[in-house]
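A.B. asks: Here it is, the structure in full.
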Amino acid sequence: MRRRRILLLPLAATALLGGTADSAITVLGNDAPAWSPDATQVAFTAFRHGLGEIYVMNVDGSGERRLTRNAAHDDHAAWSPDGRRVAFVSMRAGNAEIYVMNADGTGQTRLTRDPRSDYLPAWSTDGSRIAWRSDRDGNAEIYVMNADGTDVRRLTNDQRADTAPDWGPGGQIVFASNRAGIPFNIYVMDADGTNVRRVTTSQQNQDQPDWSPRGDEVVFVEHRDAALGQADIFAMRLDGTGRRRVTESEGRDDWPVFSPDGARLLFTRGLSFRTPEIFVANADGSRARRLTTSGPKLEVTDASATPEYPVAGRRWTTEIVVEDVRGAPLVGKLAAVCRASIGGASIRVVSRRVDQGLVRCAWSIPRNARGKRIVGSIGLRAGRLAVSLPFALPVA
């Protein structure tokens, strides 16, 4: 149930002046961290190039290196136990498939070939096999294959969704499922898919389990509201006892993974699922420290006009709301940007105003403009950053 998921997030209607249009919402920060077996490096997904790419950095956040470079989305890196290879997901073949590469990014090889989505790879503790979630049979199920892509086997077979597998030190697999009905909870099964047993019985969605190196507990994400809304990280023993809270924040804590010695935890934190950054903390959640930092990202989050369409001989007032989607306040000198023309001739701006992220532009529409089109944009400049919303509308 790791629902960020693989490429662009669900489309969201963005209000435009005089109409609507669809605008794809994407993740803007860094997420899906994974420890190297020697705990000196972290592989992760960075969204700084429009789509995801796999990066590696030192565990203190220094020395970032890009491993994948292509026009498609790459995501969900997972180190092999010997540290020599990294499994990941890529859309480069037109749909989500599992790939593997050397730890330096060379030798990228495709392992799965199916028109349905394959993603969330997880190595067995001896490095001989990879478990993953696949939709190839019409719903989410967990599969396993040899590390070279051969001997594909289906482990789960349920009408509901099984997803997010992780191997335990004893060879068992922990995963998330809603097979008992909504919400998702945490389950454990043997490596051949038998002996399935439920670990948690929550009324909140729980997913993204990660098994501790000692094998005595799992960490997981528990959602406080919707699947992509606020969330915290918890831990619990495999017998369902000893539940403890690991993190708590105003936004979303996500993607937890134990360090190889079990002493630390990688996870992501952001005010929303769109703005995650990678953190490291002690296994109990204390002394959390941020490893990555993304730059500001301005977006128009709302828009309106009065009247809805421009009318000849009348004043037309437009408004937009601009936010830094990382959740940070707008900084720098703020200025409203108001541009409009009819037939190539600029029209007069009656007033312009900016109040933090609220921008208002008003134009005087000429009396002879009926039946023509007004073309322009309304925007905000904040220091060196700028964002605008274009429009092209008929004049009534």
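A.B. asks: Stokes-Einstein at 10 °C, 1.306 mPa s, Kirkwood radius from Cα pairs: D for the range 193-270 in µm² s⁻¹?
C.D. replies: Stokes-Einstein gives a translational diffusion coefficient of 123 µm²/s.
A.B. asks: Let me ask you something else. In whole percent, and with a 1.4 Å probe on the protein chains, what portion of the accessible area of the chain is carbon and sulfur?
C.D. replies: 46
A.B. asks: Which value results when the Cα radius of gyration for the range 335-383 is divided by 2.2 N^0.38 Å?
C.D. replies: Computed over Cα atoms of the range 335-383, the ratio equals 1.24.
A.B. asks: Within a Cβ distance under 12 Å of LEU393, other residues only, what is the Lys/Arg minus Asp/Glu net charge?
C.D. replies: +1
A.B. asks: Under 14 Å from the Cβ of ARG326, count the other residues' Cβ atoms, weight Lys and Arg +1, Asp and Glu -1, and hand me the total.
C.D. replies: Net charge around ARG326: 0.
A.B. asks: Using the Cβ atoms and a cut-off under 13 Å, what net charge is assigned to the surroundings of SER90, where Lys and Arg are +1 and Asp and Glu are -1?
C.D. replies: Overall, the nearby charge balance is -1.
A.B. asks: I would also like to ask the following. Work out, in µm²/s and without decimals, the Stokes-Einstein translational diffusion coefficient of the range 267-346 at 25 °C, 0.890 mPa s, Rh from Kirkwood over C-alpha pairs.
C.D. replies: Answer, rounded: 148 µm²/s.
A.B. asks: Taking Rh as the Kirkwood radius computed over C-alpha pairs, what is the Stokes-Einstein D of the range 148-191 at 37 °C in a medium of viscosity 0.692 mPa s, expressed in µm² per second?
C.D. replies: Here the translational diffusion coefficient equals 288 µm²/s.
A.B. asks: For the range 97-112, what does the Karplus curve 6.51 cos²θ - 1.76 cosθ + 1.60, with θ = phi - 60°, yield as ³J(HN,Hα) per residue in whole Hz, taken in order and with x for Gly and Pro?
C.D. replies: Whole-Hz 3J(HN,Hα) from phi for the range 97-112: 9, 8, 10, 9, 9, 5, 5, 9, x, 7, x, 6, 10, 7, 9, 10.
A.B. asks: OK, next. What is the P(r) of the chain, as percent of Cα-Cα pairs per 10 Å bin from 0?
C.D. replies: Pair shares across the bins are 5, 21, 27, 20, 12, 9, 4, 1.
A.B. asks: Below 8 Å, C-alpha to C-alpha, sequence gap of six or more: please give me the relative contact order for the chain in percent.
C.D. replies: 11
A.B. asks: How big is the range 239-396 in terms of Cα radius of gyration and Dmax, in angstroms?
C.D. replies: When restricted to Cα atoms, the range 239-396 yields Rg and Dmax of 23.4, 77 Å.
A.B. asks: I would also like to ask the following. Using the Cα centre of the chain as origin and beta-carbon charges of +1 (Lys, Arg) and -1 (Asp, Glu), tell me which of VAL359, PRO276, THR201 is placed farthest towards the positive end of the dipole.
C.D. replies: So the residue furthest toward the plus end is VAL359.
A.B. asks: Compute and list, largest first, the equivalent-ellipsoid semi-axes of the range 99-156 from the alpha carbon gyration tensor, each √(5λ) rounded to a whole angstrom.
C.D. replies: Working from the Cα gyration tensor, I get semi-axes of 20, 13, 9 Å.
A.B. asks: Going through the range 266-360, which chymotrypsin sites (Phe, Trp or Tyr not before Pro) have at most 16 other Cβ atoms within 10 Å and a DSSP loop state?
C.D. replies: Within the range 266-360, no chymotrypsin sites (Phe, Trp or Tyr not before Pro) qualify (loop, at most 16 other Cβ atoms within 10 Å).
A.B. asks: Moving to a separate point now. Using the Cα centre as the reference, give the magnitude of the dipole from point charges on the C-beta atoms of the chain (Lys, Arg: +1; Asp, Glu: -1; all else neutral), rounded to the nearest 20 debye.
C.D. replies: It works out to roughly 2260 debye.
A.B. asks: Evaluate 2.2 N^0.38 Å with N set to the residue count of the range 75-209, then give the Cα radius of gyration divided by it.
C.D. replies: Here the Cα radius of gyration is 1.02 times the empirical estimate.
A.B. asks: Report the semi-axes of the equivalent ellipsoid for the range 166-318 in whole Å, largest first, where each axis is √(5λ) for an eigenvalue λ of the Cα gyration tensor.
C.D. replies: That gives 41, 20, 12 Å for the three semi-axes.
A.B. asks: Kindly write out, for the range 83-95 in residue order, the coupling ³J(HN,Hα) from the Karplus curve 6.51 cos²θ - 1.76 cosθ + 1.60 (θ = phi - 60°), rounded to whole Hz, with x marking Gly and Pro.
C.D. replies: x, 8, 9, 10, 7, 7, 10, 9, 9, 5, 8, x, 8
A.B. asks: Loop-only check: which GluC sites (Glu not before Pro) in the range 282-355 are DSSP coil with at most 15 other Cβ within 10 angstrom?
C.D. replies: GLU308
A.B. asks: Mind pulling the per residue volume of the convex hull built on the Cα atoms of the range 256-303? Å³ is fine.
C.D. replies: 78
The values are calculated or read from the model by the stated rules, or taken from the named source; none is laboratory data. The model shown is predicted, which means the values in this text are computed figures rather than measured ones. With ideal geometry, Cβ positions are generated from the backbone for all residues, glycine too; neighbour counts draw on all protein chains shown. Please note that ligands, DNA and RNA were not included when accessible areas were found on the heavy atoms of the full protein model with its side chains. Shrake-Rupley method; radii C 1.70, N 1.55, O 1.52, S 1.80 Å.
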